[in-house]
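Here is the structure we will look at, set down as structure tokens.
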Amino acid sequence: MNKLFGRAWMIAVYIFLYMPIVTLVIYSFNASPLVTVWSEASLRWYVALANDGDLIAAVWLSLKIAFLSSLMSVFFGTFTAFALTRYKRFPGRTLLSSMSSTPLVMPDVIVGLSLLLMLVSLQHWLGFPERGLFTILLGHALLGTAYAAVVVTSRLNEMDKRLDEAAMDLGCRPFQVFRLVTLPLLVPALVSAFLLTFTLSFDDVVLSSFLSGPGYSTLPMVIFSRARLGLNPTINAVAAVTIAVVSIAVIASSIYQSRAERQRKREVAQAYSDANQ
Amino acid sequence: MSTTATTDSAKPSAIRKMAPQELLRVEGITKVYDGSVKAVDNISLTVATGEIFALLGGSGCGKSTLLRMLAGFEKPTNGKIFLAGKDITDLPAYKRPINMMFQSYALFPHLSVWENIAFGLRRDDMAKGDIAERVESMLSLVQLDKFAKRKPHQLSGGQQQRVALARSLAKRPKLLLLDEPLGALDKKLREKTQLELVNIIEEVGVTCVLVTHDQEEAMTMASRIAVMSEGSFMQVGSPDEVYEMPNSRQVADFIGNVNIFDGIIEEDESDHVTIRCEECLHYVGHGISGNVGMSVGVALRPEKITLSKEQPQSEYNWCAGEVVEIVYFGAHTTYHLKLDSGKVIKAQELNNTRDLSCGLTWGDRAYAHWNDMAMVVLTY
Ligand SMILES: Nc1ncnc2c1ncn2[C@@H]1O[C@H](COP(=O)(O)OP(=O)(O)OP(=O)(O)O)[C@@H](O)[C@H]1O
Ligand SMILES: [Mg+2]
């Protein structure tokens, strides 16, 4: 009885989560310009997408911002995490640790609004920065740094501190310890922090809307504004392409991870059976 | 001068010969954590070149803290450390000619065995060819030539332990620190590895400070043992000194099995002492520093007791009881004897014939006796 309920619940959740996505993908192949009425299968909207300069420009801009801002986030997040986990006492530590997690809990609207106010007054006094690519990057990097710091901190906390000591014992100065031991072991965490902040940046509407200037519309902004004017199936096509790219990436990475894990288990078992011979 | 040298070399060197030269000197070292926890309390010690010095003690007594101060990972609150006459108290870990083999090894998981061993060498300005040569020689020292390309997780526990040893020896440190080097191995492998480890250390000729909470390990491996408790040394001496002449109840109790009788000194002569206990009268065949009427403990190791079914003729150094437990160990058997006072003592008999040596069984009345040099009088 319980089991049946559990299974039913699971199916309901899956339907709830994936039905909209599946519908969206199916309707991107719909020939009819009406989003809700199915007529026949066609690639019409994909062709329209290929010819829609604005939309393509927005995709590129979003990719560019996501890429650059997540690089920045990972960079700053790593150093924040490192300072917070490895140095237990320095002036302003508590301030840094609470400040670094503030963007996680602060509503995006507030963050965006305060950043906008700051940038406007900066521009007023200094004549720069012009709102556009740079200011969006700044906002996304700010938010991303907080997320990246969380991911890297948890990895640093579970890392064996004796490895650092061993490196120092063998003659590494503190920075060499970081470069030769900590950083290589941090790579998986850096990759996941990068992926996380990339997606955060790629689908952000709120911060981007506050911080962008004329001529700098990211993909979510374009979709959002067009959706307000009435849905156009081209958007379905964009979404379907995005979903395809993301799914391929996610599936590939999980296959890779489970393979690596299985390989590792086999090697450990092999080591012990070798030793017992 | 020359006469001392001849007597020295004439001595059979059952334990490794102690070079007279002092390598490590620690003066009044203290470590206080967070202003209140005294982990190490005013310890002084010297270790001679070539010695294997063991720090032995229960959990939390400050062994690791002392070792970490030697390595340079913790700053002493007080005191000084000298290595080969040089004050190294304020030298950072990466500048000390000291290497450490870590508990659970701390091998770098992202590097191969070869790279792990070469890691320390690469930090010095050593020529590539020399590094390769040194790594190869280390690999053959620990018999892991075939495993050079493997990653640490592709090795068994014992193999990882040998990589860790090779890595800590590769830089030819003046002093090698070992923190529970065999803690992660199972019992059987541990016994085998203890001797292997000592052989390798002797082959290289490096001076060692070893931390362990296993007294057998300290006995097998070390030339000198310091028994620690609550941040201080209780006794420092060779394994046989610490075992045969413990200076306190705590040491006697910590090292091996012991029966302790409480008694009062009845007679105190320069060549013997008699001590009256509830269970029996002890006649100790050597003088002690004590006074008549003083209450003392008499420590008696189980293997120094002989059991028999007949009552001994002598008026002292025996007691009688009922056999309540027999534990067979193969090479020897331990009998638990419940004395008339209710105290239970242990006596260990060698099984040197194939039938059970003294034919005792559960419930038998037995007499335990020992000779007048078997016990140690503990004044505190
Ligand atoms: N970093 C630290 N901060 C505060 N107290 C500590 C710290 N490290 C150790 N201590 C305390 O110092 C005392 C000695 O610890 P230490 O690790 O030296 O013991 P140990 O003899 O190595 O014990 P074990 O056999 O369990 O490893 C303990 O009471 C421990 O709680
Ligand atoms: Mg310890």
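One Cα centroid belongs to the range A:135-213, the other to the range B:327-380; the line between them spans 65 Å.
Kindly put A:Trp60, B:Trp114 in sequence by how many other C-beta atoms sit within 10 Å of each C-beta, fewest to most.
Numbers: A:Trp60 12, B:Trp114 20.
By the 10 Å Cβ count, ascending: A:Trp60, B:Trp114.
With a 10 Å Cβ neighbour count serving as the proxy for reagent exposure, in which order, fewest first, do B:Ile305, A:Ile136 appear?
Working: B:Ile305 23, A:Ile136 28.
Ascending number of Cβ neighbours within 10 Å: B:Ile305, A:Ile136.
Taking one quarter of the surface of the C-alpha convex hull of the range A:195-261 gives a mean projected area of 5.6 nm².
With a 10 Å cut-off around each Cβ of A:168-179, the average count of Cβ atoms from other chains is 6. Measuring spread by the Cα atoms of the range A:1-42 yields a radius of gyration and Dmax of 15.2, 46 Å. Across peptide B:72-84, the average count of Cβ atoms from other chains found within 10 Å of a residue's Cβ is 1.
Whole-percent P(r), the range B:153-205, all Cα pairs, 5 Å bins from 0: 4, 18, 32, 26, 14, 5, 0. Rounded to two decimals, the Cα-based Rg/Rh of the protein assembly as shown, with Kirkwood Rh, is 1.15. Treating each Cα of chain A as an identical point scatterer and summing with the Debye formula, the log10 of I(q)/I(0) at q = 0.09, 0.10, 0.12, 0.15 Å⁻¹ comes to -0.63, -0.75, -0.99, -1.23. With contacts taken as Cα pairs under 8 Å and at least 6 residues apart, chain B reaches a relative contact order of 14 percent. Extending 7 Å from the Cα toward the beta-carbon at both B:Phe82 and A:Gln176 defines two label points whose distance is 2.9 nm. For chain B, the convex hull drawn through the C-alpha positions has a volume of 203 cubic angstrom per residue. Using 0.36 nm per residue and subtracting the Cα-Cα separation, the extra length available between A:Met99 and A:Leu122 on full extension is 6.1 nm. Bin width 10 Å, origin at 0, all Cα-Cα pairs of the range A:3-138: what percent of pairs per bin? Answer for the range A:3-138: a P(r) of 9, 18, 24, 23, 18, 7, 1 percent. Fraction of C-alpha pairs exceeding 20 angstrom in the range A:117-236: 61 percent, rounded to a whole number.
Projected onto the charge dipole of chain B (+1 at Lys/Arg Cβ, -1 at Asp/Glu Cβ, origin at the Cα centre), which of B:Val26, B:Thr274, B:Thr220 gives the Cα projection farthest towards the positive end? Ranked along the dipole, the leading option is B:Val26. Listed by chain and number, the lysines placed with their C-alpha closer than 23 angstrom to that of B:Lys304 are B:Lys338, B:Lys343, B:Lys346; residues fewer than eight positions away on the same chain are left out. Here the Gaussian network model covers chain B, with springs between Cα atoms less than 10 Å apart; of B:Glu191, B:Glu217, B:Glu310, B:Glu310 fluctuates the most.
Each Lys and Arg adds +1 at its Cβ and each Asp and Glu adds -1 at its Cβ; summed about the Cα centre, the protein assembly as shown shows a dipole of about 3280 debye.
When the inverse distances between all different Cα atoms of the range B:244-291 are averaged and flipped, the Kirkwood radius reads 11.8 angstrom. From least to most packed, judged by other beta carbons within 10 angstrom and beginning with the fewest, A:Ser225, B:Ser64 follow the order A:Ser225, B:Ser64.
If I model the range B:38-86 as equal point scatterers sitting on the Cα atoms and use the Debye formula, what is log10 I(q)/I(0) at q = 0.19, 0.27, 0.28, 0.33 Å⁻¹? Listed by q, the Debye log ratios stand at -0.70, -1.32, -1.38, -1.50.
As a check on your grasp of the helix formula, calculate [θ] at 222 nm for the protein assembly as shown: sum -39500 (n - 2.57) over DSSP H runs of n ≥ 4, divide by the residue count, round to the nearest 500. Provide the component values of the computation, followed by the final result.
Working: 21 runs with 312 residues, N = 657.
Value at 222 nm, helices only: -15500 deg cm²/dmol.
Compactness ratio for the range B:309-380: Cα radius of gyration over 2.2 N^0.38 Å (N = residue count) comes to 1.16.
Taking 28 Å as the limit for the C-alpha separation, the pairs A:Lys161/B:Lys151; B:Lys63/B:Lys86; B:Lys31/B:Lys95; B:Lys146/B:Lys187; B:Lys86/B:Lys187; A:Lys88/B:Lys38 exceed it in the case of B:Lys86/B:Lys187.
No lab work stands behind these numbers, since they all come straight from the coordinates. All values reported here derive from a predicted model rather than from experimental measurement. For neighbour counting, all protein chains shown are included, and Cβ atoms are generated from backbone atoms with ideal geometry for every residue, glycine included.
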